[in-house]
Amino acid sequence: GVDPTGAHLFSVQAHGSTDVGYYQSLGSGSLAAMAILESQWKEDISKEEAIKLASDAIEAGICNDLGSGSNVDICVMEVGKDAILHRNYLTPNVREKKQRSYKFARGTTAILKESIHNLCEVQEVQEASEPVDHQNHAAIPETPELSEVDDMDVSMEDAEDSNNGTIRPEK
C-alpha cells in the first residue's frame with residue numbers, strides 16, 4: 001500500500017490481524033520462509049539479492065511443507081516500471097512420472113477374513129396422522145382456538161401449577 005509517507009508492505013492474517021514490515025510471509029510454508037527472510041534480509045539489499053532471498057524463502061516453504069506447491073514464481077515490481085512475473089523461476093519439487101503402473105487385477109491380494117457389521121438398524125416410518133412431540137414421544141394435543149381461550153376464566157387462586165409455576169385457566 002501507499003500513503004503520504006511512502007510505500008509499505010502489509011500482511012493480513014486469516015484471523016484478521018495485520019502487520020507491516022520490510023518482508024512478509026503468509027501461508028502453510030510461512031514459518032520456514034520467514035526463517036530465511038529474518039536471517040538473510042538486510043536494509044540495503046540489491047534487486048538481484050532480493051530476488052535470490054525471495055526465491056530461497058519460497059523454496060524453504062516448499063521443501064518444509066507438503067501443501068506449499070512445487071515451483072517458485074517471482075514478481076519484480078519497481079517504481080515507474082511494469083511488474084515482471086517470472087513463472088517457474090525455480091522448480092525444486094517437480095513431480096516425477098511413475099516408473100510403472102500400480103493398478104492390480106482384482107483377486108491379486110487374497111482376502112483372509114471378511115467381517116460385515118451393521119452399525120444401525122434401518123426402519124421404515126409411516127407418516128403420523130397427528131403431530132408428535134419427538135422429545136416426549138407423545139401425540140401433541142390440539143390447542144384450543146383463540147375464541148375458546150378468550151372465553152375461559154382465569155382465577156389466581158389454585159391456578160398456579162406447582163410443577164412449573166405456570167398459570168392454568170379454570171375449567
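Any read-out appearing in this document is the output of simple, stated calculations on the displayed coordinates, not a laboratory observation. Values in this document were obtained by computation on a predicted structure and should not be read as measured data. Every residue, glycine as well, gets a Cβ built from its backbone with ideal geometry; the counts of neighbours run over all protein chains shown.
Using the Cβ-Cβ distance between Asp65 and Phe104 with R0 set to 30 Å, the FRET efficiency from 1/(1 + (r/R0)^6) comes to roughly 0.40. When the square roots of the Cα gyration tensor eigenvalues are ordered a ≥ b ≥ c, the ratio a/c for region 69-133 is 1.5 or more and a/b does not exceed b/c, which makes its shape oblate. Remark on Leu90: its backbone amide H falls under 5 Å from those of Val72, a criterion applied only to residues 5 or more positions apart or on other chains, H modelled at 1.01 Å from N. Other residues within the sphere of radius under 15 Å centred on the Cβ of Glu78, judged by their own Cβ, net out at -1 (K and R +1, D and E -1).
How high is the FRET efficiency between Lys113 and Ser28 when r is their beta carbon distance and R₀ equals 41 Å, given to the nearest 0.05?
Working: r = 40 Å, r/R0 = 0.98.
E between Lys113 and Ser28, to the nearest 0.05, is 0.55.
The chymotrypsin sites (Phe, Trp or Tyr not before Pro) of region 40-103 that DSSP puts in a loop, and whose beta carbon has at most 11 other beta carbons within 10 Å, are Tyr102.
Determine the gain in length on full extension of the stretch Val12-Glu124; use 0.36 nm per residue of separation and subtract their C-alpha separation, reporting nm with one decimal. Intermediate values should be presented prior to the final figure.
Numbers: separation 112, 0.36 × 112 = 40.32 nm, distance 5.22 nm.
Taking 0.36 nm per residue and subtracting the Cα distance, the gain is 35.1 nm.
Between His86 and Asp56, the simple spin-label model (points 7 angstrom out along Cα→Cβ) gives 1.4 nm. For region 2-90, averaging the sequence separation of C-alpha pairs within contact (under 8 Å, six or more residues apart) and dividing by the residue count gives a relative contact order of 20 percent. In sequence order, region 86-101 has phi-based couplings of 9, 6, 6, 4, 9, 10, x, 10, 5, 6, 7, 6, 4, 6, 8, 7 Hz under the Karplus curve 6.51 cos²θ - 1.76 cosθ + 1.60, θ = phi - 60°, and Gly or Pro positions carry x.
Spread over its residues, the convex hull of the C-alpha atoms of region 2-90 is 117 Å³ per residue.
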